[in-house]
Amino acid sequence: MAKPIAKKHKVDCENRVFQECWESDYLFIENNGKPVCLQVLCVPKEFNLSRHYKALHEEKFKKYCGESRVAIISEYKKKLKNQTGLFTKWSKVQSSSIATSYAMALELAKSKKPFSDGTIVKKMNFETVSLSHQTVARRIANMDDHVSTKLYDVVQKCRYFSLSLDESTDHSDVSQLLIFIRTIQDDFSIHEELLKLASLHGTTKGVDFFDAVQKCVNEYGGFGKSSCIVTDGAKAMVGSEVGLSGLLKKKWFHCISHQESLCGKSVKLAHAMKVVVKVTNFIRDRNWSLSHHKFQAFLEEIDAAYGDLLLHSEIHWLSTGKCLVRFFGLRREIPLFLRDEVKTDTIALEEELQNPGFLCELAFSCEELAEELQHFEGANFSIFSSNTEYIFEDFNNRFRDFETMKEDFSLFNNPLGVAIEHQPATFQLELCDLQADSFLNTNFFKILSEERFPKFKDFAFKITSMFGSTYICESTFSTMKYITLRYRSSLTDESLSHLLQLATTETRPELKAWSMCYKRYRKQH
């Protein structure tokens with residue numbers, strides 16, 4: 001017959017307490033709930049205190065009795081305190097150094113500076129702070145993870161969110177998809193931030209955008225709270241079959257500012273842009289650097305309105321208007337420079353610049369300067385009529401999606417004045433109570449009772465969560481352009497994402513929390 005299994009004796013469950021007499025009997029004290037030997041600073045089990053003392057220290061300390069024993073114990077306790085205090089002091093110094101390192105790394109990211117600039121800062125007065133480019137990169141990655149965690153909490157607590165998607169190519173010809181999010185909380189507070197930077201090294205088809213967006217949103221809980229998706233109007237984005245919108249099968253809007261710009265691109269100004277680009281390249285071409293310097297000096301000498309011409313970029317549509325405005329402002333100075341300073345045949349270019357048709361097209365792009373054309377004889381302004389008709393038709397095509405939401409926008413803009421009979425049946429009863437309440441004012445959405453008007457307040461949350469501007473898109477692209485200078489073209493996708501997130505976020509990382517995470521400290525080199 002098998003013997004019964006004996007139960008294991010669990011010492012931890014006995015709640016044993018350190019006895020004060022052990023200090024005098026065995027030269028042990030209590031430190032953080034553990035018995036510590038004053039002689040060798042080891043931590044044996046409680047049952048072995050007596051054996052430890054008799055085996056190692058009794059012969060040496062048995063001669064001390066009474067006051068002499070108290071004195072020797074006080075001396076060893078002082079030594080123990082000094083030893084532990086040394087490590088505590090060093091820990092505080094290291095903790096401050098790590099917090100400073102994180103603060104400097106964050107400042108470098110906010111200023112869009114290279115990782116290696118940390119070594120320059122260290123030469124000033126931070127000898128104990130680690131600021132090598134590897135450390136700065138690691139600090140930035142840690143803080144980006146911290147910001148992403150906070151953003152995850154914001155998304156989880158929000159009522160609704162909308163996405164804004166914009167894509168462009170960086171200096172290394174890599175397609176960068178920026179995914180922005182706009183959330184609304186129960187108190188109607190709005191939060192807009194960069195959600196993800198997705199680098200597309202292969203194709204840029206609708207399915208590529210779809211995979212990137214789906215992967216990103218799923219990391220934050222999926223599309224359950226999504227109210228709309230804003231795109232830049234590219235075919236890969238808005239295609240009904242293989243485009244992003246068709247694949248998502250969700251309610252989506254074109255981005256108003258981008259659509260307006262695309263309509264501006266539709267205007268038939270190819271001739272004007274061709275001349276502008278040709279003249280600008282002729283003056284600013286790298287092979288004619290001397291000519292470019294002469295042109296700048298010439299403009300400065302005659303006190304022109306601008307000091308140089310702008311290069312046009314097809315990638316960023318905002319540059320078109322600025323380029324044309326700058327060229328129009330220098331339309332009189334450019335022919336003079338070509339005729340007097342450039343030692344080549346520029347007669348054809350000068351004739352193009354004096355062509356009334358070219359000036360009409362150019363002025364059409366610069367409405368604020370169009371009045372100056374009234375004094376040009378022979379100018380054919382009929383081009384304005386054809387271009388206006390073309391724009392009107394293009395606007396109707398691109399903004400036809402808003403027609404389906406016309407009633408929703410009317411209800412959101414003025415719920416107290418809309419005709420109740422024209423609204424959905426689910427809102428009519430609540431609208432009757434709402435319009436009959438005389439105490440509500442223009443800020444009624446925030447004070448609207450969710451118990452009395454649950455559907456209507458949910459509707460307000462959904463509409464408010466939608467993106468109404470593309471400012472965050474354009475400003476972030478400018479930041480990315482500054483970060484990815486030709487001197488930093490070797491940045492990895494992960495480092496670029498970390499830098500862009502920290503440079504644009506309004507969330508402040510908790511630097512002290514990072515320094516407390518380090519249990520072991522080492523002296524920085």
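The values are calculated or read from the model by the stated rules, or taken from the named source; none is laboratory data. Predicted, not measured: the structure shown is a model, and the values here were computed from it. Cβ sites come from the backbone with ideal geometry, for glycine too, and all protein chains shown count toward neighbours.
This table checks each residue for (1) out of contact with any strand residue (DSSP E or B) (no Cβ under 6 Å at 6 or more places or on another chain); (2) modelled with pLDDT of 80 or more; (3) buried (at least 19 other Cβ atoms within 10 Å of the Cβ); (4) in a loop (DSSP other than H, G, I, E, B).
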position: Phe467; (1), (2), (3), (4): no, yes, yes, yes
position: Ser475; (1), (2), (3), (4): yes, yes, no, no
position: Lys481; (1), (2), (3), (4): yes, no, no, no
position: Tyr487; (1), (2), (3), (4): yes, no, no, no
position: Leu491; (1), (2), (3), (4): yes, no, yes, yes
position: Glu494; (1), (2), (3), (4): yes, yes, no, no
position: His498; (1), (2), (3), (4): yes, yes, yes, no
position: Leu502; (1), (2), (3), (4): yes, yes, yes, no
position: Pro509; (1), (2), (3), (4): yes, no, yes, yes
Quiz item: Can we say Asp186 is modelled with pLDDT of 85 or more, part of a loop (DSSP other than H, G, I, E, B) and in the same structural domain as Thr505 (by TED's automatic domain parsing)?
Solution: yes
Exercise. Having 1 or more residues that are surrounded by 15 or more Cβ atoms within 10 Å (Cβ to Cβ), modelled with pLDDT of 70 or more and over 31 Å from the mean Cα position of the chain (by Cα) is the bar; report the helices (runs of 4 or more DSSP H) wholly within the stretch 194-310 that clear it.
Key: 270-284, 289-301
Exercise. Return yes when Tyr471 is farther than 17 Å from Phe180 by Cα and modelled with pLDDT under 80 and no when it is not.
Key: no
Quiz item: Restricting to the stretch 168-193, what's the tally of residues that are closer than 18 Å to Gly221 by Cα and buried (at least 16 other Cβ atoms within 10 Å of the Cβ)?
Solution: 9
Exercise. Take Ala198 and decide whether it is without any contact (Cβ under 8 Å) to a residue 24 or more places away in the chain and closer than 21 Å to Ser475 by Cβ.
Key: yes
